[in-house]
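The structure under discussion appears below in the form of structure tokens.
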């Protein structure tokens, strides 16, 4: 009885509960913000909206190789409601990313027209044919918008609000992901000595279980970023640069082939500790390396179709079913992507091949389909690795 009277008395006096503050444990003493806004969708395509959040310093393909920090999904019903079949909108619905640390971010996403996005596997976590791409862009310049979660004078996060993320048929995905297998039925290829190795990648249909991608292909185009009509050759090696791009990255020696060496937590950030190899100056830099092989596509057989009658680079890509991949006996540390460092030798071990389409779609081998993962079909060709001895 006395306790009840005391509680009532405190309430009547207007007393407030004591404040709660984080303690000395850094794991608890964190402050998070949020990003909120509206998706704006202008298309007759229907589906849920999948949104990805990226660190602005590590953009996603095709401009970079960054991985999403998190994702969120906006339901089809929230966006389209009872809209008529051919109505192109625009349709709007709210979205939010919570627990976002202060920083600078990019937002990308797609309308999942096939309802086939499964985030738990790399082979099912990307856009496929018929999906409609989109992202946060500046409404005036149409350039990619960097979304910033700042902090106030007290160090509290300032949320980013009213962020628009636009989707339209201009970014409709024309093909499935660049799924490939290596021609010849090999489970690996070995790179030894000083001679390059050439393998052929074949676009490979996978239509089994949760995998329904019947239209994979390679979209080939010369790079012409300065728009002078001449294929770019940024590294001055005499070989024109092309789409798709390829990354042949080292895997850890004894861990899962789904992991990259020195990124064992799969967050796209180089681990604080890891393998450090000798650079061309015979010294180590004291930091974990991101090791990639020198590699590129030889598109000689398609070169004539990549330019117009005047010999200028075509803006539209040429769709092809296979590509020759040239693996060079050289390796680089690309932990600083803008200044790759040549290594003294090619580190021994296994390497994975990732193809990056100009649409931003990717495919990596080895992947889960080659490892007998529950819920996925088992496809032997998807366990292929490059071996260096």
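The values are calculated or read from the model by the stated rules, or taken from the named source; none is laboratory data. This structure is a prediction, so every number in the text was calculated from the model and none was measured. Cβ sites come from the backbone with ideal geometry, for glycine too, and all protein chains shown count toward neighbours.
Before moving on, here are some points about what is shown:
- In this structure, residue 187 does satisfy being at pLDDT below 95 and either buried (at least 19 other Cβ atoms within 10 Å of the Cβ) or under 29 Å from residue 380 (Cβ atoms) (or both).
- Residues that are outside any loop (DSSP other than H, G, I, E, B), more than 25 Å from residue 205 (Cβ to Cβ) and touching a strand residue (DSSP E or B) at 6+ places or on another chain (Cβ under 8 Å) within the range 301-323 comprise 307, 313, listed in sequence order.
- Unique match (being within 15 Å of residue 169 (Cα to Cα) and either touching a strand residue (DSSP E or B) at 6+ places or on another chain (Cβ under 6 Å) or in contact (Cβ under 8 Å) with a residue 60 or more places away in the chain (or both)) among 68, 90: 90
- Single residue of the range 236-258 satisfying the filter (closer than 23 Å to residue 352 by Cα and out of contact with any strand residue (DSSP E or B) (no Cβ under 9 Å at 6 or more places or on another chain)) that is modelled with the lowest pLDDT: 254
- Entirely in the range 42-155, the strands (runs of 3 or more DSSP E) that have 1 or more residues that are loosely packed, with under 15 Cβ neighbours inside 10 Å and either at pLDDT below 95 or not assigned by TED's automatic domain parsing to the domain that holds residue 290 (or both): 70-74, 91-100, 103-112, 147-151
- Whether a residue is under 23 Å from residue 224 (Cβ atoms), out of contact with any helix residue (DSSP H, G or I) (no Cβ under 7 Å at 6 or more places or on another chain), surrounded by 15 or more Cβ atoms within 10 Å (Cβ to Cβ) and touching a residue at least 40 places away in the same chain (Cβ under 8 Å) was assessed, and residue 361 passes this test.
One line per residue, one yes/no per condition, for (1) at pLDDT below 95; (2) under 17 Å from residue 64 (Cα atoms):
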residue	(1), (2)
261	no, no
265	yes, no
278	no, no
285	yes, no
325	no, no
347	no, no
356	no, yes
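- Selected residue [assigned by TED's automatic domain parsing to the domain that holds residue 217, assigned to a strand (DSSP E or B), out of contact with any helix residue (DSSP H, G or I) (no Cβ under 8 Å at 6 or more places or on another chain) and touching a residue at least 12 places away in the same chain (Cβ under 8 Å)] from 346, 326, 373: 326
- When 189, 165 are checked against the criterion of being closer than 30 Å to residue 329 by Cα, assigned to a strand (DSSP E or B) and in contact (Cβ under 8 Å) with a residue 60 or more places away in the chain, a single residue qualifies: 189.
- With respect to the stated conditions, residue 334 fails to be touching a residue at least 60 places away in the same chain (Cβ under 8 Å) and buried (at least 16 other Cβ atoms within 10 Å of the Cβ).
- Against the test of being under 24 Å from the mean Cα position of the chain (by Cα) and free of Cβ contacts under 8 Å to residues at least 60 places away in the same chain, the options 153, 148 yield a single qualifying residue, 148.
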